[in-house]
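Throughout, read-outs are computed from the coordinates displayed, never taken from laboratory work. This is a predicted model, so every value here is computed, not measured. Every residue, glycine among them, receives a Cβ derived from its backbone with ideal geometry; neighbour counts consider all protein chains shown.
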Amino acid sequence: MLKIQGLETYYGESRVINGLDLSVNKKDIVCLIGRNGVGKSTTLKSIMGLVKTPKGSIMLDGQEIIRMKTYDRVKLGIGYVPQGRDIFPQMTVQENLELGLQPLGGKGKIPEYIGDLFPVLAKFSKRKGGDLSGGQQQQLAIARALVAEPKILILDEPTEGIQPSIIEDIGNAIKKINQWKGLTILIVEQYLDFVLKISDYIYMMEKGNIVLEGKTSELSAEEVQKKMTE
Ligand SMILES: Nc1ncnc2c1ncn2[C@@H]1O[C@H](COP(=O)(O)OP(=O)(O)OP(=O)(O)O)[C@@H](O)[C@H]1O
Ligand SMILES: [Mg+2]
């Protein structure tokens, strides 16, 4: 589904990603983990075309996208929720969701399963985005990325700053959408318990490159934990 090879990403003159390789198979939930500042968000921004990527390849379903504009990548079916969930606080939940339809060119409507996935959004559909809790805003941001029915959903730290009960709701929703729709999902995350619970495959980054990878079922949680904190 998604295949990154030899990726290099720069901020100005400084190289932050150094020849990274990462693949996401169709219908898998893949987590990219690593400490603060190792380049996790930059990897996702590279996939979205938001940063300078002079070298490497990013293939989506066999098509090279590394030189494409961000909006064209979205139209090809990449749904992206950036770190810090930038919903529109003055717009209602419903209006925020409708914005997610834009990549479909004004056509399409909000799928019914969105309400099943996130009951709280159905309940508060007329409430302003800014009046939701942090966890509800994260759910809204994920739902907004889903309404255009992407091929792959990319989430940047969906549990950051969110209370445990809502983290569980978000984890369950991610699992459900993966099962119901066979949606392929790539998640950047630092909360290891969450990662071990939901992922099929894990990549760990240090300073701009992958240092450990494997099927979640075959990796030792202790080893991953140790490497994250050493
Ligand atoms: N806009 C920018 N301009 C210059 N340097 C940046 C910019 N954004 C990030 N960096 C640097 O690039 C490196 C990787 O940052 P990135 O945000 O990708 O890390 P991260 O793994 O997502 O961290 P976190 O867990 O804190 O979100 C860091 O050293 C950071 O300081
Ligand atoms: Mg980040």
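Expressed as an acute angle from 0 to 90° and rounded to the nearest 10, what is the orientation of the C-alpha long axis of helix 164-181 relative to the principal long axis of the chain?
It is inclined by approximately 90 degrees.
Please order Arg73, Arg67 by the number of other Cβ within 10 Å, starting at the fewest.
Fewest to most other Cβ atoms nearby, the residues stand as Arg67, Arg73.
Quickly work out the Lys175-to-Lys27 label distance, labels modelled 7 Å from Cα along the C-beta direction, and quote it in nm with one decimal.
Distance between the two pseudo-spin positions: 1.8 nm.
What FRET efficiency would be calculated for the residue pair Met91, Gln163, taking the C-beta separation as r and a Förster radius of 22 Å, to the nearest 0.05?
Efficiency, from the Cβ-Cβ distance: 0.35.
If R0 is 35 Å, what FRET efficiency do you get for Ser133 and Lys55 from their C-beta distance, rounded to 0.05?
That gives a FRET efficiency of 0.25.
If amide H atoms are built 1.01 Å from N in the plane of the peptide, which residues on other chains or at least 5 residues away come under 5 Å of the amide H of Asp28?
Under 5 Å from the amide H of Asp28 lie the amide H atoms of Ile185, each far enough along the sequence or on another chain.
What ³J(HN,Hα) values, in whole Hz, does the Karplus curve 6.51 cos²θ - 1.76 cosθ + 1.60 give for region 101-107 when θ = phi - 60°, with x put for Gly and Pro?
Karplus values, whole Hz, x for Gly and Pro: 7, 3, x, 8, x, x, 8.
Run the numbers on the chain and let me know its relative contact order in percent, using alpha-carbon pairs under 8 Å that are six or more apart.
After rounding, I find 28 percent.
Could I get the Rg over Rh figure for the chain? Both from C-alpha atoms, Rh via Kirkwood, rounded to two places.
The Rg/Rh ratio comes out at 0.95.
Quick one: among Met48, Met59, Met204, which has the greatest mean-square fluctuation in a GNM of the chain with alpha-carbon springs under 10 angstrom?
Met59
Quick check: the angle from helix 134-146's long axis to the longest principal axis of the chain, C-alpha only, nearest 10 degrees?
The angle comes out at about 80 degrees.
What FRET efficiency comes out for the pair Asp200/Leu99, r = Cβ-Cβ distance, R0 = 41 Å, nearest 0.05?
Between Asp200 and Leu99 the formula returns 0.85.
Within the set of other residues whose C-beta is less than 12 Å from the C-beta of Lys175, count the net charge using Lys and Arg as +1 and Asp and Glu as -1.
Surrounding charge for Lys175 is 0.
Could you compute the net charge surrounding Glu95? Neighbours are other residues with a C-beta less than 11 Å from the C-beta of Glu95; K and R count +1, D and E count -1.
Local net charge: +3.
Return the calculated 222 nm mean residue ellipticity for the chain, to the nearest 500 deg cm²/dmol, obtained by summing -39500 (n - 2.57) across DSSP H runs with n ≥ 4 and dividing by the residue count.
-10000 deg cm²/dmol
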